[in-house]
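A short reminder: the numbers here are calculations on the coordinates, not readings from a lab. These numbers were taken from a predicted model, which means no experiment stands behind them.
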Amino acid sequence: MKMLVLVTDSEYEPHCMNMMRERGVTGYTMIQDVLGMGKTGAKLGDRIHPGASMLLLSVVPDEAVEGLLECIKNCVKEGRLCQSTHAWIVPVEASAGF
């Protein structure tokens, strides 16, 4: 299993959720209004640095990773996700659902 970590502009949330559903991802955690700074500048949610990002986390099967990354890449090209979207795949060592 792998964990998809995706950061994109908050305004792209509906497109991001549609993309996840299209790829069959049914479980995720989304954190809205994530603040930070990167190569595209600061997003601190204030008047000087307006805007915010969203963070999406989802544990997916190994075989879904390649298709998800390709889908994310295509969504950026098509404008369904912003150019500053970032996605990482992280190994999941263990999982415990209670």
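Quick look at the values:
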read-out	value
Under the Karplus curve 6.51 cos²θ - 1.76 cosθ + 1.60, θ = phi - 60°, whole-Hz ³J(HN,Hα) for the range 78-90, x wherever Gly or Pro sits	7, x, 7, 10, 6, 4, 8, 5, 10, 9, 10, 10, 10
Computed over the range 36-83: relative contact order in percent, which uses C-alpha pairs under 8 Å that are six or more apart	16
Over the chain: helical MRE at 222 nm, DSSP H runs n ≥ 4 each giving -39500 (n - 2.57), nearest 500	-7500 deg cm²/dmol
Relative contact order for the chain, counting Cα pairs under 8 Å that sit 6 or more residues apart, in percent	46
Over the range 1-51, relative contact order from alpha-carbon pairs under 8 Å, at least 6 apart, %	23
Read-out log10 I(q)/I(0) by the Debye sum over Cα atoms at q = 0.19, 0.20, 0.25 Å⁻¹, derived from the coordinates shown; its label in (1) -0.93, -1.04, -1.63; (2) -0.88, -0.94, -1.24; (3) -0.92, -0.99, -1.37	(3)
